[in-house]
Amino acid sequence: MSMLVPFGPQHPVLPEPLQLRLELNDEKVVSAVPVVGYVHRGLEKLAEQKDFIQDTFLIERVCGICSFMHSMAYSMGIEELMGIQVPDRARYLRVVWAELHRMHSHLLALGLLADAFGFENLFYTIWKIREEIMDAMECTTGARVMLGSCCIGGVRKDISAEQAKFVLEKLNNFEKMFKRSSEVLMGDYSVKERLVGVGVIDGKKAYELGAVGPSLRGSGIAKDHRMTGYAAYGELGFEPVVEKDGDCYARTMVRVRELYQSMTLVREALAKLPEGELKTPFKGNPSGEAAVRVEQPRGEVLYYLRGNGTDKLDRLRIRTPTFANIAPLLTMLVGCNLPDVAVIILSIDPCISCTER
Amino acid sequence: MSKAISKSPWVVHFNCNSCNGCDIEFLACLTPTYDVERFGVLHVGNPKHADVLVVTGSVNLRNRHVLKNVYDQMPDPKVVVAMGICPATGGIFADCYNVVGGVGSVIPVDVHVPGCPPRPEAMIDGIIEAVGILEKKRAGLAVDPPLLPVKTVKGPAPAPAPQEASEKN
Ligand code: SF4
């Protein structure tokens, strides 16, 4: 006899309202159906009503976790439409903030995952480490979450030499503290017990279903949009992080290793930071079509913009990474035990507010 | 019993329609750096156990029933704390087609914490404020209406009260 269990929308392990209708046979999940719409606002429509410069700050609020990368992707789109050349310094600064954002997002995800499998101590420790990164962001932009530092044509804020020193100091602290936690995440018996072999998806299937980000790289496929070298990634020696096994543990390991990688990228970008302007002034309105892709912590986001020569966009479409990851998630869930559902959901690090906008 | 509640309010968090910015800042409050647990605040998952409801984000056509449901399940006396500008008026999303308005249009709000997102310090302040209101409600005293006037109709956001404006991001 199978039964239907609603999981969410208000659920202790989910910070966001996602509902899954799980069909269970005893403890085993037979199928899962997502029910969405709890955080749908209609942001894409609102973006067509505001002018394209205001939109930069509206788009930032698509999602509070990867806010900087959303505004960066949007700005890159408008820059492509209007043919604006971004100054070198701004490109490097964008990498710095984007990677800081990736770090805080991955730490957040790892902490919530630890909470989902009941390792509360680890959750608190990871979130404590995350504050180092938050301090670095606050010192450089004045805000913790909504940085508001990206704008069309460049960036609005600069990182001075002292600020760079502070950020590096914070990164050193982070490295020291995270080393201990990552040992627990990688090697602890109870963590492995909950993660290894859970929610397995092989590389081929993940690719077919359109998985992106750590969900894809955890299954052995080296696809990361930073490889194309947008912003300043092309000059920074970037190599994607790949794990083979395709289970929750592999996806977690991708995040842990990416944290170290992001740290290296921030250090490198700060060391190479060229002198110069922060922003290219521009005139006129966007027209034409552009599609931009940016690698966010959860995977690749696609922005499609269409301008019509006025100050309002014709159409803005955002395909977010979690949207792409939901189909693979439903495949991972089939055949798992009910207590593993929360762990599997958090292993793709869902961001519902992006997905529904 | 009354003392136990005011010394240790249990908080349930509901993400209504938010962009996550407020949620992650609220979660950051619970963790060691800000540590609301030193005030006895405990984060619970079940609204039936909670005294304080923390709402982030505005209300949309779909989740207003869920919000009402969560609110109705909480035992009396209860206090609602709205974190951020979104639950006050709809904030930046006020003009979206799917946004009905602030949380105040569905359930009574006792404390508003302004900011987009508010700083964790301001959030802690809001919860401590809520504890005072909870105590008053328990004693059957009248409570003041919230500082931020809530407009249930769509429109521009009202300016936050001056003494709280300094805490805004
Ligand atoms: S107040 Fe700002 S940060 Fe908070 S949910 Fe609304 S838009 Fe996001």
Given the condition in a helix (DSSP H, G or I), surrounded by fewer than 19 Cβ atoms within 10 Å (Cβ to Cβ), modelled with pLDDT under 85 and of a type in the set (Gly, Ala, Ser), answer yes or no: does some residue in segment A:229-236 qualify? yes
If we scan segment A:88-101, do we find a residue that is modelled with pLDDT of 85 or more, within 16 Å of the ligand (Cβ to nearest atom) and not small (Gly, Ala, Ser)? yes
Could you grab me the full set of residues in segment B:4-40 that are within 9 Å of the ligand (Cβ to nearest atom), charged (D, E, K, R) and without any contact (Cβ under 8 Å) to a residue 40 or more places away in the chain? B:Asp23
In this structure, is A:Met103 surrounded by 24 or more Cβ atoms within 10 Å (Cβ to Cβ) and either among the aromatic types (Phe, Trp, Tyr) or outside any loop (DSSP other than H, G, I, E, B) (or both)? yes
Could you check how many residues of segment B:5-38 are part of a strand (DSSP E or B) and either buried (at least 21 other Cβ atoms within 10 Å of the Cβ) or at pLDDT below 80 (or both)? 5
Within segment A:251-308, the count of residues that are part of a strand (DSSP E or B) and small (Gly, Ala, Ser) comes to 6
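Every residue, every condition in (1) of a type in the set (D, E, K, R); (2) modelled with pLDDT of 80 or more; (3) surrounded by fewer than 23 Cβ atoms within 10 Å (Cβ to Cβ), yes or no:
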residue	(1), (2), (3)
A:Pro15	no, no, no
A:Leu24	no, no, yes
A:Val36	no, no, yes
A:Lys45	yes, yes, yes
Within 13 Å of the ligand (Cβ to nearest atom), surrounded by 15 or more Cβ atoms within 10 Å (Cβ to Cβ), at pLDDT 80 or above and aliphatic (A, V, I, L, M), is that true of B:Ala122? yes
Could you list, in sequence order, all residues of segment A:223-262 that are aliphatic (A, V, I, L, M) and in contact with a Phe, Trp or Tyr (Cβ under 7 Å, 6 or more places away or on another chain)? A:Met227, A:Ala232, A:Leu259
Quick check on B:Gly91: is it small (Gly, Ala, Ser), within 16 Å of the ligand (Cβ to nearest atom) and over 14 Å from the mean Cα position of the chain (by Cα)? yes
Count - residues of segment A:106-128 that are surrounded by fewer than 24 Cβ atoms within 10 Å (Cβ to Cβ), within 20 Å of the chain's Cα centre (by Cα) and either more than 14 Å from B:Thr33 (Cβ to Cβ) or of a type in the set (A, V, I, L, M) (or both): 4
Could you tell me how many of the residues in segment B:75-109 are out of contact with any Cys (no Cβ under 8 Å at 6 or more places or on another chain) and either surrounded by fewer than 24 Cβ atoms within 10 Å (Cβ to Cβ) or within 12 Å of chain A (Cβ to nearest Cβ) (or both)? 18
Testing B:Ala28 on (1) out of contact with any Phe, Trp or Tyr (no Cβ under 8 Å at 6 or more places or on another chain); (2) within 13 Å of chain A (Cβ to nearest Cβ), one condition comes back false. Which one is that? (1)
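Please specify each residue of segment A:137-167 satisfying the condition of being within 14 Å of chain B (Cβ to nearest Cβ), assigned to a helix (DSSP H, G or I) and crowded, with 19+ Cβ neighbours inside 10 Å.
The answer is A:Met137, A:Thr141.
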Evaluate segment A:87-96: report whether one residue or more is within 26 Å of A:Gly284 (Cα to Cα), in contact (Cβ under 8 Å) with a residue 40 or more places away in the chain and among the aliphatic types (A, V, I, L, M). yes
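Okay, residues lined up against (1) out of contact with any Phe, Trp or Tyr (no Cβ under 8 Å at 6 or more places or on another chain); (2) more than 9 Å from chain A (Cβ to nearest Cβ):
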{"residue": "B:Asn17", "(1), (2)": "no, no"}
{"residue": "B:Tyr34", "(1), (2)": "yes, no"}
{"residue": "B:Lys48", "(1), (2)": "yes, yes"}
{"residue": "B:Gly57", "(1), (2)": "yes, no"}
In segment B:39-141, which helices (runs of 4 or more DSSP H) lie fully inside it and hold 3 or more residues that are in contact with a helix residue (DSSP H, G or I) (Cβ under 7 Å, 6 or more places away or on another chain) and of a type in the set (Val, Ile, Thr)? B:120-138
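The values are calculated or read from the model by the stated rules, or taken from the named source; none is laboratory data. In this text, all values refer to a predicted model and were calculated from it rather than measured experimentally. Note that we place each Cβ from the backbone using ideal geometry, even for glycine, and neighbour counts take in every protein chain shown.
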